[in-house]
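Beneath this line is the structure, given in structure tokens, with notes to follow.
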Amino acid sequence: MKKLITTVLMLMVTMQLFAQEQSSVITDTLAGSEKIYVVAVCAVVILLGLIFFMFSIDRRLKKLEKKILR
């Protein structure tokens, strides 16, 4: 549970960094054509996939550690 809370807090800090206003040609172009939403959704899906993968690996390692220690 402690790991989950830490992960959520880190993601919130990262989101605030992205929330700062920055103006560039790429963001203006993507926002103008509404492709920025596709990029944002892809980034979120990839991050969620990585988080799920990390937790599943952690769960498997815990099972292996318990099995070895017995």
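Just checking, how many residues over segment 13-24 are loosely packed, with under 10 Cβ neighbours inside 10 Å and either modelled with pLDDT of 75 or more or under 15 Å from LEU47 (Cβ atoms) (or both)? Reasoning before the result, please.
Our first condition is that a residue be loosely packed, with under 10 Cβ neighbours inside 10 Å; within segment 13-24, this holds for 13, 15-24.
From what's left, either modelled with pLDDT of 75 or more or under 15 Å from LEU47 (Cβ atoms) (or both): 13, 15, 17-18.
Residues meeting the conditions: 4.
Taking segment 46-70 only, how many residues are part of a helix (DSSP H, G or I) and either more than 16 Å from THR7 (Cα to Cα) or not hydrophobic (A, V, I, L, M, F, W, C) (or both)? Quick ask: steps written out before the conclusion?
Going through segment 46-70, the residues part of a helix (DSSP H, G or I) turn out to be 46-69.
Then drop every residue that is not either more than 16 Å from THR7 (Cα to Cα) or not hydrophobic (A, V, I, L, M, F, W, C) (or both), which leaves 49, 56, 58-69.
Number satisfying all stated conditions: 14.
Could you tell me whether segment 41-59 includes any residue that is farther than 25 Å from MET10 by Cβ and more than 11 Å from the chain's Cα centre (by Cα)? Working first, answer last.
Restricting attention to segment 41-59, the residues satisfying the condition of being farther than 25 Å from MET10 by Cβ are none.
No; the residues of segment 41-59 include none that is farther than 25 Å from MET10 by Cβ and more than 11 Å from the chain's Cα centre (by Cα).
The values are calculated or read from the model by the stated rules, or taken from the named source; none is laboratory data. Computed from a predicted model, the values in this text were never measured in an experiment. Using ideal geometry, Cβ is built from the backbone for each residue, glycine included, and neighbour counts are taken over all protein chains shown.
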